[in-house]
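Have a look at the structure below before the remarks.
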Amino acid sequence: MSEDPSTVMKQQVGKAAAARVQSNSVVGLGTGSTTAYAIQYIGDRLQSGDLKNIRGIPTSFQAEVLAKKYGIPLTTLDAIDRIDIAIDGADEVDPNLNLIKGGGAAHTREKVVDSLADQFVVVVDSGKLVDRLGSNFLLPVEVLPMAIVPVMRKIEQLGGKPELRMGVKKAGPVITDQGNMVIDVKFESISDPANLEKTLNNIPGVLENGLFVGVADVVLVGEVKDGQPSVRQL
Ligand code: 5RP
């Protein structure tokens, strides 16, 4: 295990979530650095024989690559009639377990998979907990490329400050797994996440935004106190 506290928290919380997966189940595999540990530990449990007959539904190309790396068989939504459990990260979590997601530009597929799961388990480190959504993290909105300008205008009319997400080590904008672009929006205050989620998704050209309201069942929080890692459940 790494000594870096942030990595230790992610590993611990990923392991705790992976421990909740049961044999003979369909598992939604989230995206991001925290969920990556959960995927790794699910793979470890399969390898050791502790877990049998799992099928994963990836929420992104990243999740698909990791699942293959760790030996988790994959399936698709067409082939199954239920998802038993989904494990996914978040960028912010409020006291009502509402989330901002989309730091990895995967929130559209994540919302499909996480919403379908009988149990959606969120894995975060303690730095993700906020009193009000939008406090630290901009709100991601996935948009059809041809609609970027009118969608940005509309978001400005709603009081948001939109910026097109740009690639790192890649010239130009981030392109999602679906071939779209992402606008990150600063809202002064998100007082009614449920209403804002619907309002944004009603703008023509918007595929999905990163507000996950009433979707999470369990939030596992990784912490390091006095040098000791621990996981608590919200
Ligand atoms: C990807 C996501 C991630 O789950 C979120 O950004 C958290 O990632 P990390 O665990 O790396 O902090 O929503 O779209």
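The values are calculated or read from the model by the stated rules, or taken from the named source; none is laboratory data. This structure is a prediction, so every number in the text was calculated from the model and none was measured. All Cβ positions, glycine included, derive from the backbone under ideal geometry; neighbour counts span all protein chains shown. Each accessible area value is taken on the protein alone, full model and side chains, heavy atoms only, with ligands, DNA and RNA left out. Shrake-Rupley method; radii C 1.70, N 1.55, O 1.52, S 1.80 Å.
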Among strands (runs of 3 or more DSSP E) entirely inside the stretch 138-186, those with 2 or more residues being at pLDDT 95 or above, open to solvent by less than 10 Å² (accessible area, probe 1.4 Å) and not charged (D, E, K, R) are 139-143, 181-186
Considering the stretch 92-110 alone, what residues qualify as being more than 10 Å from the ligand (Cβ to nearest atom) and part of a loop (DSSP other than H, G, I, E, B)? Asp94, Pro95, Asn96, Leu97, Asn98
Give me the pairs, please: first residue somewhere in the stretch 54-81 and over 19 Å from Gln22 (Cα atoms) and assigned by TED's automatic domain parsing to the domain that holds Gln178, second residue anywhere and within 16 Å of the ligand (Cβ to nearest atom) and in a loop (DSSP other than H, G, I, E, B), beta-carbon distance under 6 Å, and either six or more positions apart or on two chains. none
Hey, among the residues in the stretch 109-135 that are within 18 Å of Thr31 (Cα to Cα) and β-branched (Val, Ile, Thr), which one's surrounded by the fewest Cβ atoms within 10 Å (Cβ to Cβ)? Val112
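Against the condition surrounded by fewer than 22 Cβ atoms within 10 Å (Cβ to Cβ), within 16 Å of the ligand (Cβ to nearest atom), in the same structural domain as Ser115 (by TED's automatic domain parsing) and part of a helix (DSSP H, G or I), how does Gln47 come out, does it pass?
When the stated conditions are applied, Gln47 does not pass them.
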Please work out which one of (1) out of contact with any strand residue (DSSP E or B) (no Cβ under 6 Å at 6 or more places or on another chain); (2) surrounded by fewer than 17 Cβ atoms within 10 Å (Cβ to Cβ) is the condition Ala106 fails and give its number. (2)
Given the criteria within 30 Å of Gln11 (Cα to Cα), part of a strand (DSSP E or B) and among the small types (Gly, Ala, Ser), does Gly134 qualify? no
Just to verify a result, which residue in the stretch 1-25, among those that are among the hydrophobic types (A, V, I, L, M, F, W, C) and open to solvent by less than 10 Å² (accessible area, probe 1.4 Å), is nearest to Val224 (Cα to Cα)? Val13
Could we say that Gly56 is in contact with a Pro (Cβ under 8 Å, 6 or more places away or on another chain) and either open to solvent by 10 Å² or more (accessible area, probe 1.4 Å) or within 16 Å of the ligand (Cβ to nearest atom) (or both) here? yes
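Filter the stretch 82-91 down to residues that are more than 14 Å from the ligand (Cβ to nearest atom) and either free of Cβ contacts under 8 Å to residues at least 60 places away in the same chain or in contact with a helix residue (DSSP H, G or I) (Cβ under 6 Å, 6 or more places away or on another chain) (or both), then give me how many there are.
2
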Within the stretch 3-45, work out how many residues are hydroxyl-bearing (Ser, Thr, Tyr) and within 22 Å of Lys111 (Cα to Cα). 6
Gly210 fails exactly one of (1) open to solvent by 20 Å² or more (accessible area, probe 1.4 Å); (2) within 25 Å of Val124 (Cα to Cα); (3) touching a residue at least 40 places away in the same chain (Cβ under 8 Å), namely (1)
Selected residue (criterion: surrounded by the fewest Cβ atoms within 10 Å (Cβ to Cβ)) from residues of the stretch 187-207 that are touching a residue at least 12 places away in the same chain (Cβ under 8 Å) and assigned to a helix (DSSP H, G or I): Ala194
